[in-house]
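Derivation of every value follows stated rules applied to the coordinates shown; laboratory data play no part. As the structure is a computational prediction, the values presented were derived from the model and not from experiment. A quick note on method: Cβ atoms are made from the backbone with ideal geometry, for glycine too, and the neighbour counts reach across all protein chains shown.
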Amino acid sequence: MRNKEIDRARLFIYNLLSLLFVESHVKSEMSKIKESLELLSINSFDDDVSEAAKTILQNIESSSNEELYNEYQELFLVPFGKFISLSASYYYEQREGGAMLLRVRNLLAKTKIRKDEAVFSAPEDHFGFIFTFTSYLIEQELQGELDEDLQKELFEAVINPFCDEIVHRMISSGTKLYSHVGAILGNFCNFERVYLDIAKIKAA
């Protein structure tokens with residue numbers, strides 16, 4: 001049985017993940033990111049998440065607003081060094097634009113939303129877009145605009161299989177900010193599995 005209060009909290013987390021994983025947001029929405037992290041640090045579903053949010057905020061304050069974007073570039077844009085792919089297709093079949101892209105587009109076709117090319121230059125199976133799409137689906141379900149539980153389908157098919165590997169890579173990067181973002185994402189993925197009653201996929 002879904003709980004609307006919990007769903008509103010989940011919507012907030014997915015909106016924050018969108019802010020942290022979409023390049024244009026990281027580059028120009030620092031005030032929103034700080035505000036959301038502040039709220040998460042004092043109203044979290046888990047103490048570890050609260051501490052991670054506090055640490056990110058402290059590290060931003062001790063460096064500069066550009067530090068988050070610099071780390072984003074280092075981890076997710078520059079294809080060497082600590083590079084971490086944000087393509088679901090990459091984790092599924094080690095190439096871009098594969099089956100996961102089609103899976104997301106098929107779900108997208110069941111809704112009224114379409115990718116805004118001005119905001120999202122990456123394909124639809126980019127995790128920044130996936131988190132944004134998920135927040136839209138939760139919002140539509142809360143408003144009674146969707147009959148199907150598309151959000152659960154999206155999590156089960158596209159987020160759940162690859163979340164742990166991305167989280168491991170982010171935490172292992174040792175970066176001042178995104179290693180802690182990885183901790184938030186990993187904790188939240190575990191919460192989602194329990195809430196949506198979806199099993200964790202064991203590594204082969």
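Things worth noting here:
- Distance between the pseudo-spin-label points of Ile42 and Asn65 (7 Å out from Cα toward the beta carbon): 2.1 nm.
- Three-way shape label, the range 125-204, alpha-carbon gyration tensor, a/c 1.5: prolate
- Highest to lowest packing among 11-23, 149-161, 92-104, scored as the average C-beta count within 10 Å: 11-23, 149-161, 92-104
- Value of relative contact order over the chain, rounded to a whole percent, pairs C-alpha under 8 Å and six or more apart: 24 percent
- The charge dipole of the range 1-98, taken about its Cα centre with unit charges on the Cβ atoms of Lys, Arg (+1), Asp and Glu (-1) only, comes to about 360 debye.
- For the range 26-41, 3J(HN,Hα) per residue [Karplus equation, 6.51 cos²θ - 1.76 cosθ + 1.60, θ = phi - 60°, Hz, x = Gly/Pro]: 4, 6, 10, 10, 4, 5, 5, 4, 4, 4, 5, 5, 4, 4, 5, 5
- Packing around the peptides 32-40, 181-189, taken as the average count of other Cβ atoms within 10 Å per residue, puts them in this order, highest first: 181-189, 32-40.
- Dipole of the range 1-116 computed with +1 at Lys/Arg Cβ and -1 at Asp/Glu Cβ about the Cα centre; of Ser41, Ser31, Tyr14, farthest Cα towards the positive end is Tyr14.
- Residues His126, His25 in ascending order of nearby Cβ atoms (within 10 Å, fewest first): His25, His126.
- Neighbours of Met170, meaning other residues whose beta-carbon lies under 14 angstrom from its beta-carbon, give a summed charge of -1 when Lys and Arg score +1 and Asp and Glu score -1.
- Rounded to the nearest 20 debye, dipole of the range 154-204 from Cβ charges on Lys, Arg, Asp, Glu: 200 debye
- Counting Cα-Cα pairs of the chain in 5 Å increments starting at 0 gives whole-percent bin shares of 1, 7, 16, 21, 22, 17, 11, 4, 1, 0.
- Distance between the range 1-51 and the range 61-115 - C-alpha centres, whole angstrom: 18 Å
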